[in-house]
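Engineer: Okay, handing you the structure first.
The values are calculated or read from the model by the stated rules, or taken from the named source; none is laboratory data. All of these numbers come straight from a predicted model, not from anything done at the bench. Ideal geometry is used to build each Cβ from the backbone, glycine not excepted, and the neighbour counts take in all protein chains shown. To get the accessible areas, we keep the full protein, side chains included, count just its heavy atoms, and leave off ligands, DNA and RNA. Shrake-Rupley method; radii C 1.70, N 1.55, O 1.52, S 1.80 Å.
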Amino acid sequence: MLKDITLGQYFPGNTLAHRLDPRTKLMMVVIYIIALFCAKSFFSYGLLALFLLISVKISKVGFRALIRGMKPLIFILIFTAVLNMFYTPGQAIGTFWIFTLTVEGVWAAVFMVIRIALLIMGTFLMTYTTSPIALTDAIENLLGPLKRLHVPVHELAMMMSIALRFIPTLIEETEKIISAQKARGADFDSGNLIQRAKAMIPILVPLFISAFRRADELATAMECRLYRGDVGRTRMKQLHIERVDICACVIFAVVIGAVIALGRYGL
């Protein structure tokens, strides 16, 4: 299951999706998420899914990586669907104990699952095609006006970048700890819920120790390189909006406009 967590991973490439400015991709993802919550029909979701399909084909990442990243979230999708089915008021289909299944609840569950799945896959696609450094620069650049209000934009962007960067590392470290504990006779699969939770202690303790050790080593390395935050800091690669970014924004604006129009006419 841990191997299926792909958040924070970056797949190097030279496709059109990789060459887009990270600010363009970040803004497109934000608007894409807003459009998902504004969509109200299968036509709207189908249009957004088609746009995601074309983006995946262009990026050459492959649907296998996106589907694999969805596996750890299946429980959340099922739980969300159940809550919507039984707790949405409307025309009753059937009743079980204190739960009532409604027609409106079924439709709400279907739309919610589609919305969450498309949202997660779109976000994953951005991290797959954007390096953590480029994503940090994009966040810092877009939130630059907040510096006038003394908001530590650079520090926040750096923390997000480090968090994304170390997610795969911590997953790999967890797998090593689990393998080592199993080799010593630890059992993580048998017993009730409380026993399984107690069995996780031999994993969590060394994992936290390893994480704190890596954080200390990273802080020492940054101090040795005279890191002083945003003061006097320059970038090796400057961000520039190219013609391909403008074309991508125009196409995306047409898609969002179509989604809004479909929602206005109830389609």
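Engineer: According to the Cα gyration tensor, what semi-axes, each the square root of 5 times an eigenvalue, does the equivalent ellipsoid of region 66-118 have, listed from largest to smallest in whole Å?
Structural biologist: 24, 11, 6
Engineer: Another one. Cα centroid distance between region 34-95 and region 110-162, in Å?
Structural biologist: Between the Cα centres of region 34-95 and region 110-162 lies a distance of 21 Å.
Engineer: For the chain, build the charge dipole from Cβ charges (+1 Lys, Arg; -1 Asp, Glu) around the Cα centre, then report which of PHE99, PHE208, PRO145 sits farthest towards its positive end.
Structural biologist: PRO145
Engineer: If you don't mind, there's one more thing I want to ask. Would you mind telling me which residue in PHE42, PHE188, PHE11 has the biggest mean-square fluctuation in a Gaussian network model of the chain, where springs connect alpha carbons within a distance under 10 angstrom?
Structural biologist: Per the Cα network of the chain with a 10 Å cutoff, PHE188 tops the list.
Engineer: Rounded, prolate or oblate for the chain? Axes are the square roots of the Cα gyration tensor eigenvalues, ordered a ≥ b ≥ c, and the cut-off for rounded is a/c under 1.5.
Structural biologist: oblate
Engineer: Dividing the convex hull volume of the alpha carbon atoms of region 114-267 by its residue count, what do you get in Å³ per residue?
Structural biologist: 218 Å³
Engineer: Could you name the aspartates and glutamates in cross-link range of LYS40, using Cα to Cα under 20 Å and dropping any fewer than eight places away on the same chain?
Structural biologist: Leaving aside aspartates and glutamates fewer than 8 places away in the same chain, those within reach of LYS40 are GLU104.
Engineer: Highest GNM mean-square fluctuation, the chain, Cα pairs closer than 10 Å: which of ALA117, ALA180, ALA157?
Structural biologist: Largest GNM mean-square fluctuation: ALA180.
Engineer: Quick one: accessible area per residue over the chain, 1.4 Å probe, rounded to a whole number of Å²?
Structural biologist: Per residue, the chain has 64 Å² of solvent-accessible surface.
Engineer: Let me ask something else about it. When you count, for each residue, the other Cβ atoms within 10 Å and take the mean per peptide, how do 67-78, 23-34 rank with the highest first?
Structural biologist: Per-residue Cβ counts within 10 Å, averaged per peptide and sorted highest first, yield 23-34, 67-78.
Engineer: Once Lys and Arg get +1 and Asp and Glu get -1 on their Cβ, which of PHE63, PHE75, PHE86 lies farthest toward the positive end of the dipole of the chain?
Structural biologist: Final value for the positive-end residue is PHE63.
Engineer: A follow-up question, please. Please list, or write none, the lysines whose alpha carbon is within less than 22 Å of the alpha carbon of LYS176, excluding same-chain residues fewer than 8 places away.
Structural biologist: LYS3, LYS71, LYS198
Engineer: Let me ask something else. Specify the residue with the greatest mean-square fluctuation among ASN141, ASN14, ASN192, computed from a Gaussian network of the chain linking alpha-carbon atoms under 10 Å apart.
Structural biologist: Between ASN141, ASN14, ASN192, it is ASN192 that shows the largest mean-square fluctuation.
Engineer: Share of the chain's accessible area from carbon and sulfur, percent, 1.4 Å?
Structural biologist: With neighbouring chains kept in place, the figure for the chain is 69 percent.
Engineer: Could you compute Rg(Cα) / (2.2 N^0.38 Å) for region 52-180, with N its residue count?
Structural biologist: This ratio for region 52-180 stands at 1.45.
Engineer: Where q = 0.19, 0.33 Å⁻¹, what log10 of I(q)/I(0) comes from the Debye formula for region 101-151, counting one point per Cα?
Structural biologist: -0.74, -1.07
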